[in-house]
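To start, the structure itself, in structure tokens.
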């Protein structure tokens with residue numbers, strides 16, 4: 001790369017954007033926050049995660065209270081874009 005030392009961060013899921021269904025809960029959100037904070041602080045870190053092409057779904061509750069799952073279709077090429085920098089600074 002560029003001769004610098006990098007931190008390798010491995011996670012099974014990551015929440016970077018609501019439009020990218022690559023997380024299912026709090027640990028994915030935590031991984032996304034960690035990656036964004038490292039980027040904001042210019043910490044040299046590489047994040048490695050899985051990108052499942054199937055398996056994610058959206059939950060809907062119908063008027064009778066029954067949970068229904070709607071599959072989420074993924075177009076991988078649409079997901080693999082460089083995100084805009086976002087500052088988590090106060």
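Out of everything in the stretch 13-48 that is within 12 Å of the chain's Cα centre (by Cα) and surrounded by fewer than 13 Cβ atoms within 10 Å (Cβ to Cβ), what residue ends up being farthest from residue 72 (Cα to Cα)?
Top of the filtered list is 48.
Which residue pairs have Cβ atoms under 9 Å apart, sit 6 or more places apart or on different chains, and have a first residue in the stretch 43-55 that is on the phi > 0 side of the Ramachandran plot and a second that is modelled with pLDDT under 95?
Cβ pairs passing all conditions: 55/71; 55/72.
The values are calculated or read from the model by the stated rules, or taken from the named source; none is laboratory data. As the structure is a prediction and not an experimental result, all values here were calculated from the model. Positions of Cβ are backbone-derived with ideal geometry, glycine not excepted, and every protein chain shown enters the neighbour counts.
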